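A short worksheet on the structure shown next.
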Amino acid sequence: MSPRTADHMIWHQLHDAVYGVMVHPSNGKVWKHFNNVHPHFSTELRNVHLGLCTDRFNPFGSFTAPYSCWLVILAIYNLPPGMCMRLEFMFLSTIIPVPSSPGQNIDVYLRPLIDELTQLWSSRALTYDILRK
């Protein structure tokens, strides 16, 4: 709803991509595959694409020192490369307080986030578009 950033939310669809060069996730094969599988989502330029980021997540268990706090962050991938990883566009969604790696139990910690994102996906939550009023 911010007029300062609203026009950037459709950048992922409007930018000129160079074939064979990936400067943004929207240039990747997975993004294009997702758009083909879910055309109802991809036809609306303002739909929000999210990336899940974790800090200290190591699925191979090679850390020797234990960590007590792991962060799960959502990043908005609609935005241009210079904006999508800035702090004001990243949202801390989960803090996992474990003495060491959550390992294969990470799904237990991510379940509430997955449930909420699934609910948003199925209900197609509407928001106000400040640009189009």
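Among the residues making up region 1-40, those that are farther than 24 Å from L126 by Cβ and not aliphatic (A, V, I, L, M) are H15, D16, Y19, G20, H24, P25, N27, G28, K29, K32, H33, N36. The set of residues in region 23-44 that are open to solvent by 40 Å² or more (accessible area, probe 1.4 Å) and among the hydrophobic types (A, V, I, L, M, F, W, C) comprises V23, V30, F34, V37. Cβ-Cβ distances below 7 Å connect the following pairs, each with a first residue in region 113-133 that is touching a residue at least 60 places away in the same chain (Cβ under 8 Å), a second residue that is acidic (D, E) and surrounded by 11 or more Cβ atoms within 10 Å (Cβ to Cβ), and a separation of six or more residues or different chains: L131/D7. Report whether or not R86 is modelled with pLDDT of 90 or more and open to solvent by 70 Å² or more (accessible area, probe 1.4 Å). Spelling it out, R86 is indeed modelled with pLDDT of 90 or more and open to solvent by 70 Å² or more (accessible area, probe 1.4 Å).
Within region 25-35, none of the residues are modelled with pLDDT under 85 and under 27 Å from L92 (Cβ atoms). Cβ-Cβ contacts under 9 Å between residues 6 or more apart (or on different chains), taken from a first residue in region 10-37 that is over 14 Å from Y77 (Cα atoms) and part of a loop (DSSP other than H, G, I, E, B) to a second residue that is modelled with pLDDT under 85 and open to solvent by 70 Å² or more (accessible area, probe 1.4 Å), are listed as A17/V23. Of all residues in region 89-133, those satisfying the criterion of being among the small types (G, A, S), surrounded by fewer than 15 Cβ atoms within 10 Å (Cβ to Cβ) and assigned to a loop (DSSP other than H, G, I, E, B) are S100, A125.
The values are calculated or read from the model by the stated rules, or taken from the named source; none is laboratory data. Values in this document were obtained by computation on a predicted structure and should not be read as measured data. With ideal geometry, Cβ positions are generated from the backbone for all residues, glycine too; neighbour counts draw on all protein chains shown. These accessible areas exclude ligands, DNA and RNA; they are computed on the full protein's heavy atoms, side chains included. Shrake-Rupley method; radii C 1.70, N 1.55, O 1.52, S 1.80 Å.
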